[in-house]
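Notes for the one structure printed next.
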Number of protein chains: 2
Amino acid sequence: MTAETPARGDGRGRAGLPDGPARLDDVDARLVAALREDGRATLATLAGVTGLSQSAVQARVRKLEARGVVTGYRAVVDPAALGLPLTAFVEIRPFDQAQEDDAPERVRSLPGVEACYSVAGEANYMLMVRVASPQALEELLGEIRREARVSTRSTIVLQTYFE
Amino acid sequence: MTAETPARGDGRGRAGLPDGPARLDDVDARLVAALREDGRATLATLAGVTGLSQSAVQARVRKLEARGVVTGYRAVVDPAALGLPLTAFVEIRPFDQAQEDDAPERVRSLPGVEACYSVAGEANYMLMVRVASPQALEELLGEIRREARVSTRSTIVLQTYFE
DNA sequence: TGTGAAAAATCTGTAAT
DNA sequence: ATTACAGATTTTTCACA
């Protein structure tokens with residue numbers, strides 16, 4: 001073999017689309033599913049799930065990581081056990097629409113802000129926050145408003161059925 | 001040792017509260033933080049982080065798992081790579097408030113529904129869904145409405161800053 | 001709880017098919 | 001992709017403070 005072997009096509013998938021998912025085949029899909037269920041599954045386990053050899057599984061998992069399909073591994077922790085039993089969704093929109101729109105950066109470092117999305121709708125952004133108490137939520141909302149100069153509209157989570 | 005050794009108090013924490021978080025000490029907190037960042041961190045790494053021996057760390061991690069503080073380990077997967085680039089929040093409320101309120105169970109099995117919360121506010125429940133396209137969202141919303149007999153109000157996610 | 005050490009299992013890299 | 005093998009790491013278990 002003298003020249004490089006292009007893995008699949010030109011790395012762009014279909015007609016000029018920015019490097020796409022590069023479609024997962026059946027085996028990859030099963031690996032991903034298994035790793036989503038148990039991020040610590042051993043190669044032996046994954047080999048069993050897919051019917052492939054351990055070596056083949058290892059190579060595939062590495063590729064999935066390298067391709068950015070699997071971006072990491074995390075322990076799932078009960079928020080209540082961390083002292084943050086209260087979850088809320090917070091929609092925010094700027095007081096003054098002329099101001100600079102850097103809300104995501106501004107709220108990122110506030111403790112308790114777990115996620116930030118820009119959304120289409122009445123609000124500009126949607127946050128998910130976890131706090132210790134209603135009082136803590138009140139304080140956090142104040143920080144959010146002040147830090148990002150926005151108004152907030154909160155939806156309190158009463159119960160999490162699954163996530 | 002003849003009788004069982006109660007781990008801490010009576011297992012209820014403070015005055016009759018239903019078995020609480022059992023407060024994490026400093027070391028546990030660091031372990032949890034490390035495992036949230038890297039769910040595959042080795043005992044050696046965790047020992048380094050905490051200054052404890054591997055055995056001690058292992059015992060603590062086991063207890064955190066047994067206590068339900070750490071509920072599992074998951075690979076983090078790029079939704080786009082799975083062919084689900086479109087995220088949305090869907091608020092739902094029943095058409096007829098007299099009907100049985102089993103929406104969470106009904107939507108649980110619908111593919112693409114990633115989370116379900118009951119909420120305080122105008123809606124009864126908030127869902128987070130991931131789908132392949134606007135068309136797929138339309139179809140999923142139809143299924144949700146039909147399956148759980150609810151009306152929906154959706155907020156499309158344009159960009160995920162962090163989660 | 002904790003430590004330390006030995007045994008068992010797992011991962012990694014390489015090579016031949 | 002598969003099998004096989006060796007060396008390094010990691011996990012597990014156990015004796016003991």
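Each value in this text was obtained by applying a stated rule to the coordinates, not by laboratory testing. This is a predicted model, so every value here is computed, not measured. In this analysis, Cβ positions are derived from the backbone assuming ideal geometry, glycine residues included, and neighbour counts consider all displayed protein chains.
Scanning region A:27-42 for residues that are within 11 Å of DNA strand D (Cβ to nearest atom) and farther than 14 Å from B:Ala81 by Cα, we see that the one that is nearest to the other protein chains (Cβ to nearest Cβ) is A:Arg40.
Annotation: of all residues in region B:89-118 being among the aliphatic types (A, V, I, L, M) and buried (at least 19 other Cβ atoms within 10 Å of the Cβ), the one that is nearest to the chain's Cα centre (by Cα) is B:Val113.
If the condition is being more than 8 Å from DNA strand C (Cβ to nearest atom) and closer than 27 Å to B:Glu65 by Cα, then region A:47-68 contributes A:Ala47, A:Gly48, A:Val49, A:Glu65. When B:Arg74, B:Arg106 are screened for being more than 16 Å from DNA strand C (Cβ to nearest atom), out of contact with any Pro (no Cβ under 7 Å at 6 or more places or on another chain) and basic (Lys, Arg), only B:Arg106 passes.
Annotation note: Cβ proximity below 7 Å between a residue of region B:66-80 that is more than 7 Å from every other protein chain (Cβ to nearest Cβ) and a residue that is of a type in the set (Gly, Ala, Ser) (sequence gap 6+ or interchain) occurs for B:Arg67/B:Ala22. Is region B:92-102 home to any residue that is touching a strand residue (DSSP E or B) at 6+ places or on another chain (Cβ under 8 Å) and facing chain A (nearest Cβ under 9 Å)? No, region B:92-102 has no match at all.
Among the residues of region B:37-59, is any surrounded by 19 or more Cβ atoms within 10 Å (Cβ to Cβ) and among the acidic types (Asp, Glu)? Checked region B:37-59: no residue is surrounded by 19 or more Cβ atoms within 10 Å (Cβ to Cβ) and among the acidic types (Asp, Glu). Checking each residue in region A:115-159 for being more than 7 Å from every other protein chain (Cβ to nearest Cβ), under 21 Å from A:Ala81 (Cα atoms) and not in a helix (DSSP H, G or I) picks out A:Met128, A:Val129, A:Arg130, A:Val131, A:Ala132, A:Ser133. All of (1) more than 16 Å from DNA strand D (Cβ to nearest atom); (2) in contact with an Asp or Glu (Cβ under 7 Å, 6 or more places away or on another chain) hold for B:Tyr73 with one exception: (1). For region A:47-70, a residue qualifies if it is away from DNA strand D (no atom under 11 Å from the Cβ) and under 24 Å from the mean Cα position of the chain (by Cα), and the qualifying residues are A:Leu64, A:Glu65, A:Ala66, A:Arg67, A:Gly68, A:Val69, A:Val70.
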